[in-house]
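Everything on this sheet refers to the single structure shown next.
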């Protein structure tokens, strides 16, 4: 591509088109540029202009030719076939790549050196500080989790912070960039903002000190009235409708709109936030809130759905807002629920009512926390038979909007995993101990700051046992399929998967693999963020091999199999029989739970002006359909048949 200085003829033509320059010698142009597409432009500093040959097709059938019209440019390079028009103030210190459309904007500038949001410290969880995460353009949920939650290892945290600061230095520049094929229209104040490819900014109010990591295959959209200061937004995300962000990181394929307000918060992939407010939250993948009355504050969440009016307190009016808590993966809050931090709610649990006694139910996943007369009642395991729980697990993979390539966060969607099953095993042991200590005839049992009724205790023991049987059987059959039924190959070769498993905000992995990785980071053996992320991806990729290493030993222990006996065809048959019975029993519970949505009580409000129950039933059927033809019900019935056939297949093979 050939560029040249302006000659006297060029200068005369530009001046005739009402253009001015502090020094025409600092302007260079494409050798084939048609100057007629540059009108009413004020140049200062060093500027370079590409060729303007193409037109933009606008909504309504209008065409606008590329060029520069009514603008002030200072130290700006403009790529080929851009249209820059009606800049009220000026554009300064930017490299604008080809194919950009910039119209009706106030000011776009880089002032002195900028890191474009990299290096900003976000005070998650504890508003007063202590768990700050330094954000950068390659931040993953797993890195952020370690930085925020491993403060007991200060050198490790400092190493990761140093890596983030190294990345910040790499991003620091006195020039900004508007990448190829971006659209920026009707926008106010843009200062120190990096803008990635194909980004669309329409009607934003103020964007200051940030990075929009847009890509051609997953463009970012910034809509009307958006105000964002000190931010990084990853590709595929949409920020719209007067949303306000201050010191925030927004991960891939997130949506924040309808006046959402957030400060000092991290949102990782596929979060969807509308109307409400967030303050100092660590929102892991698929954290969702839709309601104006909902406040999420000082909490860690993932795969979470917040009901209307959900609220938490982190301020005791003593030492300030220093308290925080966690809803582990898959937990949900009902309308008007309230939790007084500190508290920790077990995975895939449902919180209803007001809970002020700082509950810790982390060893009781899939539970309901229900408040009655100011007391927290715990119903262990009941979410395992809930249609809502299964529906959530099915919808998350379908709602992953990230492009296949370049995903930053490793997300494990499994409902049952070593992470949740190890908690069920502990929960089962606790329930049996409570029953033994307090006696079988007790009406209620005390656990932590909650109470468990006798009937809830029995149901919890039963449900946890069935879920453990289901997971272990699933893992066993998967392994049998993998080794083509060769029992000699069942025993795992390694032991990396043994021991405690952790959820690093979406990535489920054994501590036995995580801790050495952290040691290598802490010792300086690993000092590159890309290398660390590759380790996370490797753990995610090898999940099922590691899962089997864990499950194999749990099978031996849970079914009281001696090591020397190992797994014989007879023992395997018994385990598969138990698995088959557990899977079918849980599916039938789901089927019955779904049936409640078609009961007579569920039809209240249907057939408004009808005169009899037949009209009500017809109206209900037209809206909801028939129970027998409901997609979820049919899926459950098919699942029962499929798993029954799978069990029978392996029973036949093993009993040959």
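Observations, loosely collected:
- The strands (runs of 3 or more DSSP E) falling completely within the stretch 132-231 that include 2 or more residues that are within 24 Å of residue 270 (Cα to Cα) map to 189-195, 200-202, 206-213.
- Sub-6 Å Cβ pairs linking a first residue in the stretch 52-80 that is more than 28 Å from residue 22 (Cα to Cα) to a second residue that is at pLDDT 95 or above and not in a strand (DSSP E or B), at least 6 apart or interchain, are 54/66; 54/81, ordered by first then second residue.
- Every condition in (1) under 27 Å from residue 174 (Cβ atoms); (2) without any contact (Cβ under 8 Å) to a residue 60 or more places away in the chain; (3) outside the structural domain of residue 31 (by TED's automatic domain parsing) is met by residue 129 except one, and the failing one is (1).
- Residue 330 farther than 27 Å from residue 124 by Cα and either at pLDDT 95 or above or crowded, with 18+ Cβ neighbours inside 10 Å (or both): no
- Residues that are assigned to a strand (DSSP E or B) and either closer than 15 Å to residue 85 by Cα or modelled with pLDDT under 95 (or both) within the stretch 36-62 comprise 38, 39, 40, 41, 42, 43, 49, 55, 56, 57, listed in sequence order.
- Selection over the stretch 291-304 of residues that are over 16 Å from residue 141 (Cβ atoms) and either modelled with pLDDT of 95 or more or crowded, with 24+ Cβ neighbours inside 10 Å (or both) gives a count of 5.
- None of 264, 241 is in contact with a strand residue (DSSP E or B) (Cβ under 7 Å, 6 or more places away or on another chain), closer than 30 Å to residue 314 by Cβ and in a loop (DSSP other than H, G, I, E, B) except 241.
- Pick from the stretch 442-488, criterion assigned to a loop (DSSP other than H, G, I, E, B) and without any contact (Cβ under 8 Å) to a residue 12 or more places away in the chain, ranking: surrounded by the fewest Cβ atoms within 10 Å (Cβ to Cβ): 484
- If you check 431, 408 for being touching a residue at least 24 places away in the same chain (Cβ under 8 Å), within 18 Å of the chain's Cα centre (by Cα) and in the same structural domain as residue 534 (by TED's automatic domain parsing), only one passes: 408.
- Candidates in the stretch 306-318 are the residues that are within 25 Å of residue 147 (Cα to Cα) and buried (at least 20 other Cβ atoms within 10 Å of the Cβ); of these, the one that is modelled with the lowest pLDDT is 314.
- Checking each residue in the stretch 50-63 for being crowded, with 18+ Cβ neighbours inside 10 Å and out of contact with any helix residue (DSSP H, G or I) (no Cβ under 9 Å at 6 or more places or on another chain) picks out 50, 51.
- Residues within the stretch 354-395 that are outside any strand (DSSP E or B) and buried (at least 18 other Cβ atoms within 10 Å of the Cβ), tallied: 19
- Residue 567 being crowded, with 16+ Cβ neighbours inside 10 Å and closer than 18 Å to residue 475 by Cβ: yes
- All of (1) farther than 30 Å from residue 135 by Cα; (2) free of Cβ contacts under 8 Å to residues at least 12 places away in the same chain; (3) surrounded by 16 or more Cβ atoms within 10 Å (Cβ to Cβ) hold for residue 590 with one exception: (2).
- Of all the numbered requirements in (1) touching a residue at least 12 places away in the same chain (Cβ under 8 Å); (2) closer than 26 Å to residue 129 by Cβ, residue 166 misses one, and that requirement is (1).
- Scanning the stretch 396-438 for residues that are loosely packed, with under 13 Cβ neighbours inside 10 Å and within 24 Å of residue 333 (Cβ to Cβ) gives 397, 398, 399.
- None of 172, 215 is closer than 20 Å to residue 406 by Cβ and either touching a strand residue (DSSP E or B) at 6+ places or on another chain (Cβ under 9 Å) or in contact (Cβ under 8 Å) with a residue 60 or more places away in the chain (or both) except 215.
- Among residues of the stretch 95-125 being at positive phi and not in a strand (DSSP E or B), the one that is surrounded by the fewest Cβ atoms within 10 Å (Cβ to Cβ) is 112.
The values are calculated or read from the model by the stated rules, or taken from the named source; none is laboratory data. Everything numeric in this text was worked out from a predicted model, so none of it was measured. Neighbour counts run over all protein chains shown; Cβ positions are idealised from the backbone, glycine included.
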